[in-house]
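Notes follow once the structure below has been shown.
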Amino acid sequence: MIRDASGMTSRAYLSELFSLDGRVAVVTGGSSGIGRAITGALARAGASVVVVARKEAQLAATVDELTADGCRAAWVSADLSTREGVRAGAEEAAGKFGEPDILVNCAGINLRPPMGELGEEVWDTTMAVNLEAPYLLGQRFGPGMAERGYGRIIHITSQQAHRAFVQSGAYGVSKGALESLARSQAEAWSPHGVTANTLVPGFVMTPLNTRLSSDPERVAALAARTMVGRNGVAEDFAGAVVFLASGASAYVTGQSIFVDGGFSVH
């Protein structure tokens, strides 16, 4: 084991920086894709994690895998497309391990008809899940985090928050607004120890991207545009989310951090 001049081991130093022991995390959309990888990363870093999503079978499988590894995890089935569903899910989640120190908003809906065919129903559903649910959850948990002096709010957004392509539609609008929400949350609560940031994926092969991932030529073209030469996988987000959830990121707030293999700067 490597020791520094003070005698501290590298393991102890890294634990002091990044350990989530004693923290409670709530992860929406945490039973599939990027959200499931984030759930696993937070739990294995020491947090007690509550996974919130709709499908009970996926939720149970996610939690069973984590508890089998010795992690502390629970799940809540909730409909995040309605205010009542969000509020009920939030209360049930807080009842599992206590009020959360970490909130990760990963649940999303990806409905992108051509702009000329975009109707009010798709618009309303997209905004409810992708923007209003994170807002309501922030309002429920953010003030408590500020009162306790520690909190981490992390949103998962999209390249469409910054540029329009592949029919951004209402989805891009919702993700752009979510990044603005993070900045507003940071302004309100960062003086009290609560950071708010977003992680911006590149193209990641997840169920949310079925429309694109089912086209091999498009998948290859996206990989070619990415500086590291491949498309993303869900596990690429583990290190970034543990950093943003931990004490190591105390001076990082209101930021959009791209985890995209250089896709956005190509």
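The values are calculated or read from the model by the stated rules, or taken from the named source; none is laboratory data. Since this is a predicted model, take the numbers as computed values, not measurements. So basically every Cβ, Gly included, is an ideal-geometry build from the backbone, and we count neighbours across all protein chains shown. Heavy atoms of the whole protein, side chains included, go into the accessibility calculation; ligands, DNA and RNA do not. Shrake-Rupley method; radii C 1.70, N 1.55, O 1.52, S 1.80 Å.
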For residues in segment 147-162 being open to solvent by 20 Å² or more (accessible area, probe 1.4 Å) and touching a strand residue (DSSP E or B) at 6+ places or on another chain (Cβ under 8 Å), which is farthest from residue 93 (Cα to Cα)? 162
Write out, first by first residue and then by second, each pair whose Cβ atoms fall under 6 Å of each other, whose residues are 6+ apart or on separate chains, and whose first residue, in segment 58-70, is closer than 13 Å to residue 29 by Cα while the second is among the basic types (Lys, Arg). 62/36
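This table checks each residue for (1) basic (Lys, Arg); (2) outside any helix (DSSP H, G or I); (3) under 16 Å from the mean Cα position of the chain (by Cα).
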position: 35; (1), (2), (3): no, no, yes
position: 39; (1), (2), (3): no, no, yes
position: 50; (1), (2), (3): no, yes, yes
position: 63; (1), (2), (3): no, no, no
